[in-house]
Amino acid sequence: ERAEYAKLVDLPAVTKDGVKFELFLNAGLSFDLDHLEATGAEGVGLFRTEFQFLSSQTVPTLEEQAAFYEDAMARVGDRSMVFRTLDLGGDKVAPFMGGDREENPALGWRALRLALDKPYFFRRQLRALIRASKSRPLRLMFPMVCSVKEFIEARALVDAEIEWAKKFGRETPSKLEVGAMVETPSFAFSIDALKDKVDFLSVGTNDLMQFFFAADRENKLVSERYDLLSYPALSLMKHIVESANRAQIPISICGEAAGRPLEALVLACLGYRRLSMQGARLGPMKRMIRGMEFAKVSEKVNFLIDSQTTDLRKEILKIIQQSD
Ligand code: PEP
Ligand code: MG
């Protein structure tokens, strides 16, 4: 199978009837980037910058952060790359993070909330990212945004850092794009108001489903309860892609669902065209896309969703088996 995927590396992710997809890589450690060449991904759709922090006993210095980002950028080369700013807290606790234990860490003081309340740390990371990008393009994305106001506040800190760099005669990115993850239900219903404010969006289905179904993604007793292939979840995913298209905001998915064939196919039927996933998922995904008559499958899948079939998963599987 590996040899078969290797043959697809330089071929585009296009269905038999000409619908184009873009496949990206999720990464967080340097070695994840080895997958770029091996899979022919368009670029890195999600770079989880907290990994450097999670493996460090102390807060990485500005220099350490910049060196890490610079190395990653060098390896990604001319491909596109999205750096997600620190997503600490919740299920991602770094060794140096003290503080009181929270009753509900997933709903607590984490990710962008931490960044906005501790702008000193956040700005240090932004400074490191700007420094590392030199005069290349820089794409940033914020995790766990809950409101338009939070996004605007965070973006203002990015602008402040760019001004700071200019003031001190430092290089600034040739192009800056600032995006946000859609991983809270409140933000999923904020997209219309983001027109001309956000440069791109990426749906984090792992957290989005956790919050949507009130089911802890880390707790095996309940995590299996949330099904993306259910009418409520698909209605939400449809609302998100339609809102983004209406507001002309480029949108991708970078949660694990984007790398699972069945889920990805259904999400594609809803209108998603950019998927970011773990390296090992890319080959099988490209093969599935290239083997598909999209229009036919999409019509049937959308009909099923609209008719609110209760066992969607089973019905969709049938459709796929028939089309093989
Ligand atoms: C997500 O929540 O779907 C996501 C991609 O972010 P993480 O898994 O790092 O929380
Ligand atoms: Mg997340």
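Every number here is computed from the coordinates shown, using simple stated rules; none is lab data. Quick caveat: nothing in here was measured; it's all calculated off a predicted structure. All Cβ positions, even for glycine, are placed from backbone atoms using ideal geometry, and neighbour counts span all protein chains on display.
General remarks:
- FRET efficiency for the pair F121 and D91, taken as 1/(1 + (r/R0)^6) with r the Cβ-Cβ distance and R0 = 25 Å, rounds to 0.80.
- FRET efficiency, D71 to K318 (Cβ-Cβ, R0 41 Å, nearest 0.05): 0.30
- Pairs of alpha carbons in the range 14-55 separated by more than 13 Å make up 59% of all such pairs.
- Measuring nothing but alpha carbons in the chain and taking Rh as the Kirkwood radius, the Rg to Rh ratio lands at 0.97.
- Fewest-first ordering of L275, L107 by other beta carbons within 10 Å of each residue's beta carbon gives L107, L275.
- Label-point separation, E63 to S135 (7 Å along Cα→Cβ), nm: 2.6 nm
- Neighbour cut-off at most 15 other Cβ (10 Å), DSSP loop, chymotrypsin sites (Phe, Trp or Tyr not before Pro), the range 46-105: F96
- Calculated FRET value between W164 and N219, using beta carbons and R₀ = 35 Å, to 0.05: 0.25
- Radius ratio Rg over Rh of the range 1-154, counting only Cα atoms, Kirkwood formula for Rh: 1.03
- Derived scalar couplings between HN and Hα for the range 191-199 equal 5, 4, 6, 9, 3, 6, 10, 10, 8 Hz in order, rounded to whole Hz, by the Karplus curve 6.51 cos²θ - 1.76 cosθ + 1.60 (θ = phi - 60°), x for Gly and Pro.
- For the range 217-250, GluC sites (Glu not before Pro) are listed when DSSP marks them as loop and at most 13 other Cβ atoms sit within 10 Å of their Cβ; the list is E218, E224.
- The value obtained for the range 213-324, namely the Cα convex hull volume divided by the number of residues, is 121 Å³ per residue.
- With neighbour counts taken as other beta-carbon atoms within 10 Å, the residues L138, L265 rank, fewest first, as L265, L138.
- Residue order, fewest to most beta carbons within 10 Å, for R274, R84, R170: R170, R274, R84
- Among the listed pairs K238/K300; K20/K286; K16/K296; K238/K318; K7/K296, those with a Cα-Cα distance over 18 Å are K238/K318; K7/K296.
- The helix-based estimate of mean residue ellipticity at 222 nm for the chain, built from -39,500 (n - 2.57) per DSSP H run of four or more residues and divided by its residue count, is -14000 deg cm²/dmol to the nearest 500.
- Intensity falloff of the range 33-107 expressed as log10 I(q)/I(0), Debye formula with alpha-carbon point scatterers, at q = 0.14, 0.17, 0.18, 0.27 Å⁻¹: -0.55, -0.75, -0.81, -1.26
- Note on K118: lysines with a C-alpha under 24 Å away, same-chain residues under 8 apart excluded, are K92, K149, K166, K167, K197.
- Residue-wise HN-Hα coupling along the range 36-49, computed from phi with Karplus coefficients 6.51, -1.76, 1.60 (Hz; x: Gly, Pro): 4, 5, 5, 10, x, 5, 5, x, 9, x, 8, 10, 7, 5
- Computed extension gain for K175 through D100, at 0.36 nm per residue and net of the alpha carbon distance, reaches 23.0 nm.
- Total formal charge among the other residues, if their Cβ is under 13 angstrom from that of D17, Lys/Arg +1 and Asp/Glu -1: +2
- Cα-based Rg / Dmax (Å) for the range 93-177: 14.5, 46
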